[in-house]
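S.K.: Mind looking over this structure? Questions follow.
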Amino acid sequence: MIHDEQHNPWTIIDATTVYDNNWLSVIHHNVLNPSGGKGIYGKAHFKNKAIGVIAVDKDMNTYLVGQYRFPINQYSWEIPEGGCPLEEDSLDAAKRELLEETGLKAGNWLQLGDAYLSNSVSDEYAEYFLATELSQHAAEPEETEQLMIRKLPLKEVFAMANDGRIKDALSLLPLQKLELMLLKGEIVL
């Protein structure tokens, strides 16, 4: 069977917002699925973009942020990351998040990529950046954040991503992409 990538095979009968706050809404859709059967589809709609930053210093160290993540009931080590209002420039948000969480400013920025983080249940969209030429300043964490910062060799952080010690998708995607770019010689740090 030939599929048209531009055609949406789902038919929405109706949709109801069942939860809404400043960051996300949950929408209950009554649908006809691609086979024509009736069903439901729940979607988490995110009101911000997700932003992630890999900061690499002149000695090939990078910075991880540790914090307890309420939704998974676990402590998590991640690259600096946060939310970006849809109307805000993503690079401006990346600069803000890096300073906020680590106290770092960067003289050089490169967008590594973008992705949907869990597109089977949400529309959360992410962009991620590489920051170099770092200088240290005072961190400015939000009141809800109790953060621990670790400065580690970039190779060790790649190993953490590859062996499962880092499980956060917004950290894994850019770390694995940067590692591949370095292996292929597409980028030199």
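S.K.: Take peptides 152-162, 32-42, 170-180 and line them up by average Cβ neighbours within 10 Å, highest first, as a rough protection proxy.
M.R.: In decreasing order of mean packing, 152-162, 32-42, 170-180 become 170-180, 152-162, 32-42.
S.K.: With everything on Cα atoms, drop me the angle between helix 154-163 and the longest principal axis of the chain, reported from 0 to 90° to the nearest 10.
M.R.: 30
S.K.: Determine, from the Cβ-Cβ distance of LEU180 and GLU156 and an R0 of 25 Å, the FRET efficiency 1/(1 + (r/R0)^6), rounded to the nearest 0.05. Don't skip to the end; give the middle numbers.
M.R.: Numbers: r = 17 Å, r/R0 = 0.69.
With R0 = 25 Å, the Cβ-Cβ based efficiency is 0.90.
S.K.: With r as the distance between the Cβ atoms of GLU143 and ASP163 and R0 = 30 Å, compute the FRET efficiency 1/(1 + (r/R0)^6) and round to 0.05. Working shown, then result.
M.R.: Working: r = 34 Å, r/R0 = 1.12.
Computed FRET efficiency for ASP163 and GLU143: 0.35.
S.K.: Still on this structure: What is the calculated FRET efficiency for GLN136 to VAL26, with r their C-beta to C-beta distance and R₀ = 35 Å, to the nearest 0.05?
M.R.: Numbers: r = 40 Å, r/R0 = 1.15.
Approximately 0.30, to the nearest 0.05.
S.K.: Taking only C-alpha pairs under 8 Å that are 6+ residues apart, what is the relative contact order of the chain in percent? Walk me through the numbers before you get to the answer.
M.R.: Details: 373 pairs, mean separation 40.2, N = 189.
Relative CO of the chain lands at 21 percent.
S.K.: Let me ask something else. Sequence gap at least 6, Cα distance under 8 Å: using those rules, report the relative contact order of segment 111-189 to the nearest whole percent. Write down the numbers at each step before the final one.
M.R.: Working: 51 pairs, mean separation 20.1, N = 79.
It comes to 25 percent, rounded to a whole number.
S.K.: Helix-only mean residue ellipticity at 222 nm, the chain, DSSP H runs n ≥ 4 weighted -39,500 (n - 2.57), per residue, nearest 500. What is it? If you can, show how the numbers build up before the last one.
M.R.: Values: 3 runs with 39 residues, N = 189.
Helix-only estimate at 222 nm: -6500 deg cm²/dmol.
S.K.: May I ask for the net charge around LEU64, where only other residues with Cβ less than 9 Å from the Cβ of LEU64 are counted and Lys, Arg are +1 while Asp, Glu are -1?
M.R.: Details: positive: ARG150, LYS151; negative: GLU78.
Within the 9 Å Cβ shell, the charges total +1.
S.K.: Measuring from label point to label point, each 7 Å out along Cα→Cβ, what is the HIS7 to LEU117 span in nm?
M.R.: Label at HIS7, label at LEU117, 3.4 nm between them.
S.K.: Counting only other residues whose beta carbon sits under 12 Å from that of LEU183, what net charge do I get with K and R as +1, D and E as -1?
M.R.: On the way: positive: LYS155, LYS177, LYS184; negative: GLU179, GLU186.
The answer is +1.
S.K.: For each pair in LYS43/LYS155; LYS47/LYS167; LYS58/LYS177; LYS47/LYS95; LYS47/LYS184, compute the distance between the two Cα atoms and list the pairs where it is over 28 Å. Don't skip to the answer; put the middle values down first.
M.R.: Details: LYS43/LYS155 37 Å; LYS47/LYS167 23 Å; LYS58/LYS177 20 Å; LYS47/LYS95 20 Å; LYS47/LYS184 36 Å.
In this structure, LYS43/LYS155; LYS47/LYS184 lie more than 28 Å apart at Cα.
S.K.: What do you get for the angle between helix 169-184 and the principal long axis of the chain? Use alpha-carbon atoms, 0 to 90 degrees, nearest ten.
M.R.: The answer is roughly 60 degrees.
S.K.: Just check segment 1-51 against the gyration tensor rule for me: Cα atoms, a ≥ b ≥ c as the square roots of the eigenvalues, rounded for a/c under 1.5, and otherwise prolate or oblate depending on whether a/b exceeds b/c. Show your work: numbers first, answer last.
M.R.: Numbers: a/c = 3.98, a/b = 1.58, b/c = 2.52.
It is oblate, given that a/c is not under 1.5 and a/b is not larger than b/c.
S.K.: Right, another one. Treating only the Cβ of Lys, Arg, Asp and Glu as charged (+1, +1, -1, -1), what charge dipole size does the chain show about its Cα centre? Round to the nearest 20 debye.
M.R.: Details: 16 positive and 29 negative charges, 110 e Å.
Approximately 520 debye in magnitude.
Rule-based calculations on the coordinates, nothing more; no lab input. Since we're looking at a predicted model, the values are computed, not measured. Counting neighbours? That spans all protein chains shown, and the Cβs are built from the backbone with ideal geometry, glycine included.
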